Each structure stands twice: as structure tokens, then as C-alpha cells.
Amino acid sequence: MKPRFLTLAFVLLFGAFAPIAATAEAPTFTVGWSVYAGWNPYFYMQKSGILKKWADKYGIVIKVQRFDYAASLDSFVAKNIDACTMTNMEALDMPAAAGVDSTAIIVGDYSNGNDAVLVRSNLTFASLPGKPIMLVQKTVSEYLLERGMVLNGQQSQLSKLRLINTSDSDIVAAFLNNKSNEAVVTWKPLVSQIAADKSVRSIFDSSKIPGEILDLLVVRTDILNTPDGQKFAKAITGAWYETIQQVASGQPAALKYSAAASADSVDSYKEQLKTTALFVTPKSAVDFTAGPDLQKKMDLVRQFCFTHALLGQGIKSVDDVAIAYPNGAIQGKKDRVRLRFNVAYMQAAEQGKL
């Protein structure tokens, strides 16, 4: 939060006895978002006036700013923005790993087929070891690949995988233009572009691991612990549910602007939404976040991050970066909590108390 204050001014025209006033501008908060089916609605939220309506209700200003994904995380870690859209994995391996205590206040959706392992030449998981596999390393793509290997009986072969780190901006052309590339892991809309090649098929996607790749809105905990920060959390949560319900119900303006956020057609955006498991109602998000399965799924993610040295320098145990859950449970050391799941604001939305 960066409240800005107007300078005190003496109105000399009215003499020494004129009243002197100081007017504080409304506290201002910035949310970073990046292109993804479940996050594009932030663009519509701003364009439609929904965001301003909810911010005005709480006497604050909320800005939403589009970033490339990695840049948004860097800005959040640097404390240049107050909240950011990110996956559960990046919440651990970026802010939490950097020692920034953060809280997920909105669990928006999980990838339910948006991320996929695609192959040529009828490859299977058993034949992947030794083959070049194109992906963005140390992201949910690598996580998805490893989960596919494990669930298909190939855990002992993980060390034999040959990963080719490829940026998301290059991966479609690099894979399609070179037929010797036989395996790629990426996310939509890139998956759809690659799968349009009839020689390519999917052998695994995120629908096989529901709830493991989560899409969150994360706020710095130090901000959330202030009165103005709580107003922000209430306003953005209220705006989110009004927005996402319009998107899910197919309102034309909501779909048009959410698609435009990533320069997609409405039809393309609708196709992406089909493999995005949106928690459209606050109750569905609360039930998932407060339910028993989240801790099990997060344990898989944190173990992956630790195994791949993504939890920060000097981390000797997976428990050195701990996670706190709504029921009070903590995974890891109690004095090392860096990521928190808070359902209070989603519950307030569910109860009509925002």
C-alpha cells in the first residue's frame, strides 16, 4: 500500500486566520495479473467499472496492472505491487522462497486440462527417457511431466529425462517447425495451437491431477494485517465474484473483454474456460480451500519444490518454508510460515457480508 498525501497549503488570499486543511488521498493498492484464462477477467473487472464500484464502497483505490508472468512475481517479491495472481507452486518458489510472507485470499480455479504433455510418433511415458522434452523448466510444466511419469509407473526413470528449457514465447514455433522434436509440455492456448497438428497427441494433462495446479490471488501478509489492507481484501474479493459470475454465465461483455485481455477470440477463450475448473461461487472456493485434500495436494507441490531446490538458498528441509491452512494446521516449522491460505474474505462473500 502506498497512500499519498496532499501537501498542506496556506491560502494566503484569505489571511492568516483562514482555516488550514489537509486532505489525504484514498489508500491505493495495485494488483498484478498476467495472461491466463482464469486471470483475464481482471481486465474486464477494470473495464466494466466493477472494480471501481467495489473500491469506492471501501473508500480506496485499486489498480490492476498486466505483466508478463515472471515479471509480475518479481514485482510482488520486490514489494512494488500489493497483490498478484500466481499458481500455488509459484507462491512457494517465489515470494515464500524469498522470505516474503504472503496470503492467498482468493482461490480462483484449478487447471483441469489447460496444461498437457504432447507427443509425436506415438511416444508413451515409458519411451520418454532419453528423448528431448521441450518445456519451461522449474514451472508447473515440469511438475506436470513428473506427475505423469509417476502416475504411469515411471518414477525410477525421472533422472533420465532430457529437458530442453524453452521459453513460452518460442515453444510453439520451435516444436512445430522441427519434426525431430517429439515431446513438449505447455499450457493453453499454446497447447491448442500445437495440438492442431494432427501428428501430435496428448498423453497426459492436468485433469488427471485435479486441484494440484491452483490459480490464486496472493496478498502480502503485512498489508493484509492493516485496516486499509483488510478493506482492500474485501473490495477485491467482492469485485472478483461479481466479475467471475458474469464470465461463467456467458455475459457477452464479460467474455469479450476477458478474451481481448490475451488477444484471443471469444471462441478461443471459451475453449480455454472448458478446461479451467473455476470456483464460480465463494462457497465452492471455501469448501475446497478448507477441505482436507488441499494439504495433501500442497504437500506434493512443496516436495517437488524442495527436490528441485526452488525453496531458496540455504534451505535444508522441506519444512523450512511452511504453509498455514484455514483450520490452523501448519505444514513445516511453525516459526517458518511463509504462505497462508485465508478463507475469511471468501466466506464473507458467501455470507453476503462484503
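The values are calculated or read from the model by the stated rules, or taken from the named source; none is laboratory data. The structure presented is a predicted model; accordingly, all values stated were derived computationally and were not measured. Every residue, glycine as well, gets a Cβ built from its backbone with ideal geometry; the counts of neighbours run over all protein chains shown. All accessible areas refer to the heavy atoms of the entire protein, side chains included, with ligands and DNA or RNA removed. Shrake-Rupley method; radii C 1.70, N 1.55, O 1.52, S 1.80 Å.
Descriptive notes on the structure:
- Scoring A348 on the criteria (1) assigned to a helix (DSSP H, G or I); (2) within 22 Å of R147 (Cβ to Cβ) leaves a single failure, condition (2).
- Selection count, segment 291-313, where residues are touching a residue at least 12 places away in the same chain (Cβ under 8 Å) and either among the β-branched types (V, I, T) or open to solvent by less than 60 Å² (accessible area, probe 1.4 Å) (or both): 13
- Number of the exception - D93 against (1) of a type outside the set (A, V, I, L, M, F, W, C); (2) in contact (Cβ under 8 Å) with a residue 60 or more places away in the chain; (3) assigned to a helix (DSSP H, G or I); (4) within 24 Å of Q245 (Cα to Cα): (4)
- Between G99, G130, G113, G148, the distinction of being surrounded by fewer than 24 Cβ atoms within 10 Å (Cβ to Cβ), assigned to a helix (DSSP H, G or I) and touching a Lys or Arg at 6+ places or on another chain (Cβ under 8 Å) belongs to G148 only.
- Looking only at residues in segment 25-80 that are among the β-branched types (V, I, T) and assigned to a loop (DSSP other than H, G, I, E, B), the one that is surrounded by the fewest Cβ atoms within 10 Å (Cβ to Cβ) is V35.
- Any chance A18 is at pLDDT below 90, hydrophobic (A, V, I, L, M, F, W, C) and open to solvent by less than 50 Å² (accessible area, probe 1.4 Å): yes
- Yes/no for F10 being in a helix (DSSP H, G or I) and either open to solvent by 60 Å² or more (accessible area, probe 1.4 Å) or modelled with pLDDT of 95 or more (or both): no
- D319 touching a Lys or Arg at 6+ places or on another chain (Cβ under 8 Å), open to solvent by 40 Å² or more (accessible area, probe 1.4 Å), in a helix (DSSP H, G or I) and among the charged types (D, E, K, R): yes
- Cβ-Cβ under 7 Å pairs, at least 6 apart or on other chains, segment 277-290 side within 19 Å of S111 (Cβ to Cβ), far side of a type in the set (A, V, I, L, M) and open to solvent by 10 Å² or more (accessible area, probe 1.4 Å): L278/A248; V280/A248; T289/V343
- So D267, is it without any contact (Cβ under 8 Å) to a residue 40 or more places away in the chain and touching a strand residue (DSSP E or B) at 6+ places or on another chain (Cβ under 7 Å): no
- Residue in segment 63-76 that is touching a residue at least 40 places away in the same chain (Cβ under 8 Å), within 26 Å of T276 (Cα to Cα) and among the basic types (K, R) present: yes
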